[in-house]
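Student: Sharing a structure below in structure tokens format, with a few things to ask.
The values are calculated or read from the model by the stated rules, or taken from the named source; none is laboratory data. Just so it is clear, the structure is predicted and the values come from calculations on it, not from any experiment. When we count neighbours, we look across all protein chains shown, and the Cβ atoms used for this are built from the backbone with ideal geometry, even at glycine. SASA here: full protein model, heavy atoms, side chains in, ligands and nucleic acids out. Shrake-Rupley method; radii C 1.70, N 1.55, O 1.52, S 1.80 Å.
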Amino acid sequence: MKTQVVIVGAGPAGLLLGQLLHRAGIDTLILEQRSADYVLGRIRAGVLEAGSVEVLERAGVAGRLHAEGLIHDGFEIGYCGSRHRIALKEFTGKSVTVYGQTEVTRDLMEARSAAGAPTVYEAEDVSLSDLAGSPRVTYRHQGRTHEVQCDFVAGCDGFHGVCRRSIPADSIRTFERQYPFGWLGVLADFAAPWHELIYAASERGFALASMRSETRVRCYIQCSLQDSVEQWSEARFWEEFGQRIGSDLAAKIPQVKSLEMSIAPLRSFVAEPLRYGNLFLAGDAAHIVPPTGAKGLNLAASDVFYLHEALEAHYREGSSTALDGYSARALRRIWRAERFSWSMTRLLHSFPADAFDQRMQQTEIEYLLESRAAQAALAENYVGLPL
Ligand code: APR
Ligand code: PHB
């Protein structure tokens, strides 16, 4: 079998790249190790930058997003019992759109099947060879082994995928920071008593009040890395969340059963460069951000936007300049989002810190809440740096 681009991974990065390439007349095959239902069952982030919305529009998948997404012109920071609004729109002229990653993925899957473009779900043992020349990709599906020849492989297979691991160790460098806590998240169906997202720094630890729609909330609390979901009853979660977010809101949280509860560790990670021969990395395969800045999905969108432009220039004009520049172009934006996500994480969480570090953290938050210049910088990053 032959195709132009094999895309490994049917998360948002792989599916969005597939759709952008399809619209450019470039043939792709997507190989995904899980089932479509499994991919849609993963609960992930939910805040889209205006630039990501534009990329989804270009991919022709923004219809439902515009009908159902919630436009937010600001968010709040909770600190010492009160809340302070960061006026995103006022500072930047831009807003963000609250629309779940699951819904983005669903829209992309539907567009791909409407386009008749091939995706193999439950593709096992995906393996890459001859990446420096004419790449070959093998996989097993329903007991049979298949081999595909292609011009390029797009590694969109997430942090634990096979693509980054297929690059020889002396051709890739990685940068990593792990944080000494995780996020315990709950998804539940009730109308949020908050109108915009609240990022709360409390003495008991960080909490985030978010939402997915008018009737569905997503909330997180900073937790210990040793904690397991089983240790946290729903009642205990809401009790702790309420203490961190404020009693006025806590009183308005109804007692409903949650739809999902999970713990995720926080990590910053970048691989460089994003190219090895004819393999290109994009999305979580290339980098991880802690979720505090809501940048994971947005970075996946900007990576694949750059990559699709470069592949299109190759096929349409026979020019390799954009492909040669992909890694540096994407990494410039990635490192800026890494910096922002790291600084938001440091600012708002409780760390095992000495007295000096604690005073510095307090001073930084108080400076932010009093300085319009500092708020403008935060807003500029939160709504997304230019593509
Ligand atoms: N073979 C085939 N598919 C694989 C393999 C493999 N060896 N390993 C992983 N995959 C698949 C996963 O099952 C997953 O569906 O690759 C996909 C990667 O998707 P994501 O993890 O969602 O990563 P990405 O598409 O880059 O999306 C980035 O998702 O994880 C969030 O916070 C992140 O919001 C960001 C966004
Ligand atoms: C979410 O709704 O899941 C969410 C929102 C904002 C973040 C992280 C996660 O910064």
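Student: Less than 18 Å apart at the alpha-carbon level, and either on another chain or at least 8 residues along: which lysines does that give for Lys257?
Tutor: Output for Lys257: empty list, no partners.
Student: Calculate what fraction, in whole %, of the accessible area of the range 307-354 sits on carbon and sulfur atoms when a 1.4 Å probe is rolled over the protein chains.
Tutor: It is 53 percent, rounded to a whole number.
Student: Next question. If you take every DSSP beta bridge whose two residues both sit in the chain, what share of them, in percent to the nearest 5, is antiparallel?
Tutor: Here the antiparallel bridges make up roughly 75 percent for the chain.
Student: Once the Cα gyration tensor of the range 134-205 is found, what semi-axes does its equivalent ellipsoid get, as square roots of 5 times the eigenvalues, in whole Å, sorted largest first?
Tutor: The answer is 41, 21, 12 Å, longest axis first.
Student: While we're looking at this one, here's another question. Using a Cα-Cα cut-off of under 16 Å, which aspartates and glutamates could be cross-linked to Lys89, ignoring same-chain neighbours fewer than 8 residues away?
Tutor: Within the straight-line limit of under 16 Å, Lys89 reaches these aspartates and glutamates: Glu49, Asp73, Glu76, Glu196, Glu380.
Student: Thr3 accessible area, nearest 10 Å², 1.4 Å probe?
Tutor: Rounded to the nearest 10, the figure is 20 Å².
Student: Give me the three principal axis extents of the range 97-228 from the C-alpha atoms, as integers in angstrom, largest value leading.
Tutor: 54, 41, 28
Student: In vacuum, with every alpha carbon of the range 1-43 counted as one equal point scatterer, what does the Debye formula give for log10 I(q)/I(0) at q = 0.29 Å⁻¹? Two decimals, please.
Tutor: The computed values of log10 I(q)/I(0) come out as -1.01.
Student: While we're on this one: What whole-number value in Å² describes the accessible area per residue of the range 1-66 for a 1.4 Å probe?
Tutor: 38 Å²
Student: Mean shadow of the range 1-119, computed from the convex hull of its alpha carbons, in nm²? Don't skip to the end; give the middle numbers.
Tutor: Values: hull surface 37.3 nm².
With the hull built on Cα positions only, its mean projection is 9.3 nm².
Student: Leaving out ligands and nucleic acids, and using a 1.4 Å probe, what accessible area per residue does the range 270-363 come to in Å²?
Tutor: Working: 3700 Å² over 94 residues.
Result: 39 Å² of accessible area for each residue.
Student: Specify which residue in the list Tyr315, Leu347, Leu48 is farthest towards the positive end of the charge dipole of the chain, using unit charges on the beta carbon of Lys, Arg (+1) and Asp, Glu (-1), about the Cα centre.
Tutor: Farthest towards the positive pole: Tyr315.
Student: Using amide H atoms built 1.01 Å from N in the peptide plane, name the residues 5+ places from Leu259, or on other chains, whose amide H lies under 5 Å from its own.
Tutor: For Leu259, whose amide H was placed from the backbone, the distant partners under 5 Å are Leu187, Ala188, Asp189.
Student: Express the C-alpha Rg of the chain as a ratio against the empirical globular expectation 2.2 N^0.38 Å, rounded to two decimals.
Tutor: 1.00
Student: Largest first, please: the extent of the C-alpha atoms of the range 253-339 along each principal axis, to the nearest Å.
Tutor: Taking max minus min along each principal axis of the Cα atoms, the range 253-339 gives 60, 24, 19 Å.
Student: Starting from the Cα coordinates of the range 326-387, work out the convex hull volume and express it per residue in Å³.
Tutor: Enclosed volume per residue, from the Cα hull, is 94 Å³.
Student: Note down the magnitude of the dipole of the chain about its Cα centre, charges +1 on Lys and Arg C-beta and -1 on Asp and Glu C-beta and zero elsewhere, to the nearest 20 debye.
Tutor: Roughly 180 debye for the chain.
Student: Still on this structure: Any idea which of Val148, Phe91, Ser113 is furthest toward the positive side of the dipole for the range 84-198, if Lys and Arg beta-carbons carry +1 and Asp and Glu beta-carbons -1?
Tutor: Positive-end residue among those listed: Phe91.
Student: Considering the range 231-387, what Rg and Dmax in Å follow from its alpha-carbon atoms?
Tutor: Considering the range 231-387 through its Cα atoms, Rg and Dmax are 20.4, 62 Å.
Student: Pick out, from Leu331, Val383, Pro254, the residue whose Cα sits farthest towards the positive end of the charge dipole of the chain, with +1 on the Cβ of Lys and Arg and -1 on the Cβ of Asp and Glu.
Tutor: Towards the positive end, the residue furthest out is Leu331.
Student: Right, next: Could you order the peptides 258-268, 8-18 from most to least packed, using the average number of other C-beta atoms within 10 Å per residue?
Tutor: In decreasing order of mean packing, 258-268, 8-18 become 8-18, 258-268.
Student: From the backbone phi of the range 77-94, what are the Karplus-calculated ³J(HN,Hα) couplings (6.51 cos²θ - 1.76 cosθ + 1.60, θ = phi - 60°) in whole Hz, Gly and Pro given as x?
Tutor: Listing the rounded values in order: 10, x, 7, 6, x, 10, 10, 10, 8, 9, 7, 4, 5, 4, 6, 10, x, 10 Hz.
Student: Same structure, new question: Placing +1 at every Lys and Arg Cβ and -1 at every Asp and Glu Cβ, with all other atoms neutral, what dipole size does the range 156-273 have around its Cα centre, in debye to the nearest 20? Intermediate values should be presented prior to the final figure.
Tutor: Working: 13 positive and 15 negative charges, 31 e Å.
My answer is approximately 160 debye.
Student: Provide the descending list of Cα extents for the range 160-283 along its principal axes, expressed in whole angstroms.
Tutor: 57, 30, 25
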